[in-house]
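The values are calculated or read from the model by the stated rules, or taken from the named source; none is laboratory data. These figures come from a predicted structure and were not determined experimentally. Reconstructed Cβ throughout: ideal geometry from the backbone, glycine too, with neighbour counts over all protein chains shown. Ligands, DNA and RNA are excluded from the accessible area calculation, which covers all protein heavy atoms including side chains. Shrake-Rupley method; radii C 1.70, N 1.55, O 1.52, S 1.80 Å.
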Amino acid sequence: MQSAITIANAEADRILSRTWQIALAVGGLALVYFLVMLPRDITWVNVGQDGADYMIAAKYWRLAHSTGAPFYTVLAGVWLRAVPIGTDWWRLALLSALFSAGTAALLYAATRNMLAPVLFLASGIVVSQSTIIEVYAATTFFIVAGWYLHTNRHRNWGYAAVGLGMAIHNLAGFMFLALLVADWQRQRRIPWQHVLVAIATSAPWYLYLVLANRQPYINIPGNNPLDWAHYFASQHGLMGGIAVMGSQWTLSEDFRERCWDAVRIILSLGPGLVLLVLGARQQILKGRYLLPIVAGLVTLYWFTFLDPRSYTYMMVATALVAVIMAQAKVPDWLRVITALYCLALMGFNVVWYDIGGSHLDSQHSAEAFRSSLARLEGDEYVWSGPRQWEAMTLQLYNFDHGTNFNPILLGPTPRATLADLETAASRGKLYRTEVTDAPNYQVRIVAAFPMQVWEDMKSQDLRNYQRK
Amino acid sequence: MTRPNHHLRLPSRWVLILGALALIPAGITAHRLLWTMVTGGEELTRWNTVDFANKTGMFFIVVGGLGWLGSVYWERQHSTLGKAVVGVVTLAAVIIAGWVMSQQTPFNVG
């Protein structure tokens, strides 16, 4: 009997070891796949408007926009200093690629099925966020790691991983709450030990925000408690903010656009959609609600978010849905067709998502914008409207080159009054950016008139908004 | 507790084959159209047209959530009186929550 158990344990260890060897290979191949598409230097594409913001935070130990992503900032800061090759931008983009490669490896390890990582890697959303400076690749990794560890009975480690995710982005909170409810249902009591583990691995990172906040203040007006309250609450209006009704009897343009986005995201699963429907049904019928519910909640969160760019949240849902699809009990031929379909999409991605390649940012618009700043004296006012990625690029330029551009950021303390603008204009130092080619992010800097900028500022300042 | 496996019966083979095959061209087309969205091709034009109208999404989430919670408790009631009480309380909660939200500042990002 004893020897039978020993043999069974040895066999289980062998399978586990082999699973991780394959998972490691999957992660390695995924990393190569992303490496092909990384940008050589600064870029704004793939909705990476926060890239300059995170670069300032990591490179100069500063505060990123709310809610700060402190764990990511510290990790990125260390990574930036530890990796000796490539530009700053390439290095941090590589960090995103590493996290997504890690997620692909975890997806294989969790399902022991190649379909899960292939589905994840084929997604346009995943590729777009794994090749730029953003937090979603890291957030997705910690969410999947948390679920995987928890499912494999390493519950404290699972909560620790999700806690690290919560020190990056609030999306990890969905998984935290889901694990909590699952444990509560099983034990019929609140698992306080696990809660404390999650808090202990997430909360201390937020001390970084207090330590990093200093003049010149970025993303926060000052350093008093009210400033902090404003900082953390500044984006809550975006949640659930989409207008469903345009007028009394019509759907709003935003809502119709969001439906179109959803159709594209869902349909791009192709034959995998059959796996998703069957897999989700099977999970629910078996009483396994966790993955469908978390994926559904994240989807709902995105769908009702005001900012259309929050499609990036769907990266988390994509990873969870890949597990559901890979675990679906379906005929093998359907898996093969789906896998081949995903491999074809990956081939498409390598060409079409290659940043700086022939189809995406071939003119290196952000680099061109940065070069154009060198032709100015360095103390001009530059108004870039709602395009905060341009304003943050100006801020980054100030930090990198010691210049004093005023990007006139909107917020609780506008960086310019009408008098400031008139004074700047009289000295020939008032400029604005003008979009010359929207799909390619091409902009140029042109001289501006004070009233023109002022009126534009007022129209963009959300505090001036009145109910329609 | 898990349910018996006959609940996991698959649709007919031909439905699966036709569905999967039909979704290949649809999926490739959607993936190409998704490219313009996820690379930011639509971003600059869209963000300027965002309608800061109201928090209808949040409105539906809260009201829908209250209604769902009410339906859970309604199902748990075994008497007509119990169901009626839960129904009235849920309706009142939905009306009050909807009214309160309709009074709030619609958008508060600054």
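The helix-based estimate of mean residue ellipticity at 222 nm for chain A, built from -39,500 (n - 2.57) per DSSP H run of four or more residues and divided by its residue count, is -19500 deg cm²/dmol to the nearest 500. Legend: mean number of C-beta atoms from other chains within 10 angstrom of residue C-beta atoms, peptide A:300-311, equals 4. The 3J(HN,Hα) values that the Karplus relation (6.51, -1.76, 1.60; θ = phi - 60°) gives for segment A:295-301 are, in residue order, 4, x, 5, 4, 5, 5, 4 Hz. Gly and Pro appear as x.
Taking every residue in A:249-260 and counting other chain Cβ atoms within 10 Å of its Cβ, the average works out to 3. Using θ = phi - 60° in the Karplus curve 6.51 cos²θ - 1.76 cosθ + 1.60, the 3J(HN,Hα) couplings for segment A:223-228 round to 9, 9, x, 5, 4, 5 Hz; x is entered for Gly and Pro.
Pairs of lysines in the protein assembly as shown whose Cα atoms sit within less than 24 Å of one another amount to 5, provided the residues are eight or more positions apart or on different chains. Applying the criteria of a DSSP loop state and at most 12 other Cβ atoms within 10 Å to the trypsin sites (Lys or Arg not before Pro) of segment A:156-196 yields A:R188, A:R189. For segment A:418-429, 3J(HN,Hα) computed residue by residue from phi via the Karplus equation (6.51, -1.76, 1.60; θ = phi - 60°) reads 4, 4, 4, 5, 5, 4, 4, 5, 5, 9, x, 10 Hz, glycine and proline entered as x. Amide H to amide H, with H built 1.01 Å from N, A:L251 comes under 5 Å of A:G246, counting only residues 5 or more places away or on other chains. Annotation: amide H-H contacts under 5 Å for A:N406 (H modelled 1.01 Å from N, sequence separation of 5 or more, or interchain): A:E380, A:Y381, A:V382.
Counting Cβ atoms of other protein chains within 10 Å of each residue's Cβ and taking the mean over peptide A:26-39 gives 0. Classification of segment A:80-163 by its C-alpha gyration tensor yields an oblate form. The axis ratio a/c (a ≥ b ≥ c) is 1.5 or more, and b/c is at least a/b.
Contact order, relative form, for segment A:384-458: 24 percent (alpha carbon pairs under 8 Å, 6 or more residues apart, mean separation divided by residue count).
Loop-resident trypsin sites (Lys or Arg not before Pro) (DSSP state other than H, G, I, E or B) in segment A:292-385 with no more than 16 further Cβ atoms inside 10 Å of their Cβ: A:K329, A:R375.
Using the Cα centre as the reference, give the magnitude of the dipole from point charges on the C-beta atoms of the protein assembly as shown (Lys, Arg: +1; Asp, Glu: -1; all else neutral), rounded to the nearest 20 debye. Here the protein assembly as shown has a charge dipole of around 2160 debye. Legend: Rg and Dmax of segment A:248-391, from Cα coordinates, 20.8, 67 Å. Could you size up the charge dipole of segment A:318-468 around its Cα centre, putting +1 on the beta carbon of Lys and Arg and -1 on that of Asp and Glu, and report it in debye to the nearest 20? Its charge dipole is roughly 520 debye.
Heavy-atom accessible surface of A:H150, to the nearest 10 Å², is about 20 Å², with a 1.4 Å probe and all protein chains retained. Taking amide H as placed 1.01 Å from N in the peptide plane, the amide H of A:V443 sits under 5 Å from that of A:T436, each at least 5 places away or on another chain.
What are the trypsin sites (Lys or Arg not before Pro) within segment A:10-63 that DSSP puts in a loop, where the Cβ has at most 15 other Cβ atoms within 10 Å? Filter output for segment A:10-63: A:R40.
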